[in-house]
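Below is one structure, written out as structure tokens, with a few remarks after it.
The values are calculated or read from the model by the stated rules, or taken from the named source; none is laboratory data. Everything numeric in this text was worked out from a predicted model, so none of it was measured. Cβ: placed from backbone, ideal geometry, glycine included. Neighbour counts: every protein chain shown.
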């Protein structure tokens with residue numbers, strides 16, 4: 001582990017390779033699991049704001065869940081997560097013409113309909129952010145549905161931190177990311193990577 005400002009970073013984020021392969025996984029990370037995606041408190045209002053923009057892209061079952069319980073709910077640990085449909089799909093999922101599961105919020109963002117990309121936990125995946133006292137901790141999350149992303153990342157030699165440059169910068173800022181890159185260079189020089 002290394003520390004950058006108030007963030008502790010697992011060495012796996014430098015060592016492990018990852019590059020999403022949507023053609024292989026079909027967006028399974030938005031479907032599988034036992035709870036929705038973690039949501040920061042300030043993101044709840046953003047999710048509610050974007051709802052009218054993405055409403056027509058959501059399934060009737062997702063709309064029903066949102067009408068009944070809202071866009072988020074507390075999971076078994078009391079953390080806010082996106083609402084889910086039938087114990088699986090995030091309510092913000094939609095499917096493209098290839099049958100790939102996509103995020104309706106990200107789709108609207110890419111179409112210029114909103115300035116909210118999607119919850120930061122989704123954008124940062126496979127990194128999970130934990131909290132330890134005054135520190136945040138970044139850990140690499142391994143999940144079998146992402147095996148194709150690991151294989152493609154290895155083939156293309158893309159470390160997790162490089163794959164996630166945009167969301168890491170979104171979360172922690174450009175100066176923080178520059179420190180992360182400097183740390184990676186130093187770890188390489190010392191033979192850790």
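Table for the structure above
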{"read-out": "Hits in segment 144-157 (condition: surrounded by 15 or more Cβ atoms within 10 Å (Cβ to Cβ) and in contact with a strand residue (DSSP E or B) (Cβ under 6 Å, 6 or more places away or on another chain))", "value": "153"}
{"read-out": "Residue under evaluation residue 82, criteria (1) touching a residue at least 40 places away in the same chain (Cβ under 8 Å); (2) touching a helix residue (DSSP H, G or I) at 6+ places or on another chain (Cβ under 8 Å); (3) over 15 Å from residue 116 (Cβ atoms), criterion not met", "value": "(3)"}
{"read-out": "Residue 183 being in contact with a strand residue (DSSP E or B) (Cβ under 6 Å, 6 or more places away or on another chain) and in contact (Cβ under 8 Å) with a residue 40 or more places away in the chain", "value": "yes"}
{"read-out": "Unique residue being surrounded by fewer than 17 Cβ atoms within 10 Å (Cβ to Cβ) and modelled with pLDDT of 95 or more when the list is 64, 32, 40, 16", "value": "64"}
{"read-out": "Condition broken by residue 165, with the remaining ones in (1) in contact with a strand residue (DSSP E or B) (Cβ under 6 Å, 6 or more places away or on another chain); (2) closer than 22 Å to residue 22 by Cα; (3) modelled with pLDDT of 95 or more satisfied", "value": "(1)"}
{"read-out": "Criterion: modelled with pLDDT under 90, within 25 Å of residue 171 (Cα to Cα), crowded, with 18+ Cβ neighbours inside 10 Å and not assigned by TED's automatic domain parsing to the domain that holds residue 169 - qualifying residue of 90, 101", "value": "101"}
{"read-out": "The lone exception for residue 141 - which of (1) in contact with a strand residue (DSSP E or B) (Cβ under 6 Å, 6 or more places away or on another chain); (2) surrounded by fewer than 18 Cβ atoms within 10 Å (Cβ to Cβ); (3) farther than 24 Å from residue 23 by Cα it fails", "value": "(3)"}
{"read-out": "Residue check, residue 150 out of contact with any helix residue (DSSP H, G or I) (no Cβ under 8 Å at 6 or more places or on another chain) and assigned to a helix (DSSP H, G or I)", "value": "yes"}
{"read-out": "Members of segment 104-122 that are part of a loop (DSSP other than H, G, I, E, B) and either touching a strand residue (DSSP E or B) at 6+ places or on another chain (Cβ under 6 Å) or buried (at least 21 other Cβ atoms within 10 Å of the Cβ) (or both)", "value": "118, 119"}
